[in-house]
1. Please go through region 112-156 and pick out each residue that is open to solvent by less than 50 Å² (accessible area, probe 1.4 Å), in a helix (DSSP H, G or I) and touching a helix residue (DSSP H, G or I) at 6+ places or on another chain (Cβ under 9 Å).
2. Taking Leu320 and the conditions (1) at pLDDT below 50; (2) in a loop (DSSP other than H, G, I, E, B), which numbered condition does it fall short on, given that it satisfies the others?
3. Condition first: part of a strand (DSSP E or B), surrounded by fewer than 16 Cβ atoms within 10 Å (Cβ to Cβ) and more than 48 Å from the chain's Cα centre (by Cα). Now tell me which residues in region 29-44 satisfy that.
4. Take Val83 and tell me if it is open to solvent by 80 Å² or more (accessible area, probe 1.4 Å), in contact (Cβ under 8 Å) with a residue 12 or more places away in the chain and farther than 25 Å from Lys147 by Cβ.
5. Checking His220 against (1) within 20 Å of the chain's Cα centre (by Cα); (2) surrounded by fewer than 12 Cβ atoms within 10 Å (Cβ to Cβ), only one condition comes out false. Which one?
6. Does region 280-303 hold any residues that are crowded, with 19+ Cβ neighbours inside 10 Å and among the β-branched types (Val, Ile, Thr), and which are they?
7. Would you please list the contacts, defined by Cβ atoms under 7 Å and residues six or more apart or on different chains, that run from a residue in region 90-109 that is farther than 16 Å from Asn54 by Cβ to a residue that is modelled with pLDDT of 80 or more and in a helix (DSSP H, G or I)?
8. Within region 157-167, is even one residue within 24 Å of Val71 (Cβ to Cβ), in contact with an Asp or Glu (Cβ under 9 Å, 6 or more places away or on another chain), crowded, with 16+ Cβ neighbours inside 10 Å and not hydroxyl-bearing (Ser, Thr, Tyr)?
Amino acid sequence: MSELSFEQMLEDSLKTIRNGEVVEGTVIDVKEDEIILNIGYKSDGILTKNEYSNTPVDLTTCVSVGDTMEVKVLKVNDGEGQVLLTYKRLAAEKGSKRLKEAFENGEVLTAPVTQVLDGGLSVVMDESRIFIPASLVSDTYEKNLAKYDGQEISFLITEFNPRRGRIIGNRKQLILAQKAEMQKALFERIQVGDVVEGVIKNVTDFGAFVDLGGADGLLHISEMSWGRVENPKKVFKVGETITVLIKDIRDTKIALSLKFEDQNPWLDAAYKYAVDNIVVGRVARMTDFGAFVELEPGVDALLHVSQISREHVEKPSDVLSIGQEIEAKVVDFNEEDRKISLSMKALQNYADDVYEDEADVDYEDYEDYDEADAGTEE
């Protein structure tokens, strides 16, 4: 039996490899665009930048000499006697398996957004690309998807078809599930009469929607103040934190209020606006039969046209103007119906220095008080 040469024995001691085989190698050299690995074969393996990742990288920042890597053989001989390797394709295969398991198990995944597209977001996990359509990014319309660029987001895989290149992520489903849990917890915690904090989410002409942390409550314009609010947008700003009273809860609808009872101006109105008291107020609105005077936010009084002057006044707007400050005497106070009647005429001096008794006033004319006042509430 002939003796084998040293070269033959060395070659026989080295393993054989095939295209498509997964091997482990040790980094023996690394450059910016190329990694050289000892894979236990007669030739070293070459791993180029393009076969390392789909993302542009400097390979010297990714691996170091002495590191071990699991790679896949692309070509045993690249034409120059070297073994061409790939890392990204092996990672993609593993990633695809990982995503399939996540899809089947409903697992929540987290990854950074690598690209913002016209129709949605793209994320990459283990070299597998996942597309999240714009409609599945959030539970509300997202006008500016660019804010997600580079941001780490969580999502579910709701469609997995790698053969057709369709791996679809869904972030909206997670947000809805989270909100449902928060909503349940909120309704278990709150009740009518509670005072809570919330954040202004949206302001409209008729009120403001307040995020209470699980559900939105409506702060209607009529509940924004004991006084009158003409334009909610001039009073509240989106993002502002406010303390509100829970006025009513019906199913998932929450009615809010800023009219706290301890701040009710009618609590001490009987003292401040007792009959014969002299008061100062501002003309808030007018009708043909009289003017409504705001004595303080939430407390209005009626100045009947017959009580404006000892001289005949056809209509209030002939002598008064909106916003004008007037001084008058309280001639009637009805706490139960929350009605106050004023008289400017009672403060005017007559030639004979005698004031005609208030009883001469026909208070039946005040029947329009409620109707006019209610009309201005709308």
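1. Result: Ala134, Leu136, Leu145.
2. The one condition Leu320 does not meet is (1).
3. Asp29, Asn38 - these are the residues of region 29-44 that are part of a strand (DSSP E or B), surrounded by fewer than 16 Cβ atoms within 10 Å (Cβ to Cβ) and more than 48 Å from the chain's Cα centre (by Cα).
4. When the stated conditions are applied, Val83 does not pass them.
5. Going through the list (1) within 20 Å of the chain's Cα centre (by Cα); (2) surrounded by fewer than 12 Cβ atoms within 10 Å (Cβ to Cβ), His220 breaks only (2).
6. Once the filter is applied, which keeps residues that are crowded, with 19+ Cβ neighbours inside 10 Å and among the β-branched types (Val, Ile, Thr), region 280-303 yields Val283, Thr287, Val293, Val299.
7. Going by the 7 Å Cβ cut-off, the qualifying pairs are Val108/Leu174; Leu109/Ala102.
8. Yes, region 157-167 has at least one match.
The values are calculated or read from the model by the stated rules, or taken from the named source; none is laboratory data. This one's a predicted model, so the numbers in the text were calculated from it and none came from an experiment. A quick note on method: Cβ atoms are made from the backbone with ideal geometry, for glycine too, and the neighbour counts reach across all protein chains shown. Ligands, DNA and RNA are excluded from the accessible area calculation, which covers all protein heavy atoms including side chains. Shrake-Rupley method; radii C 1.70, N 1.55, O 1.52, S 1.80 Å.
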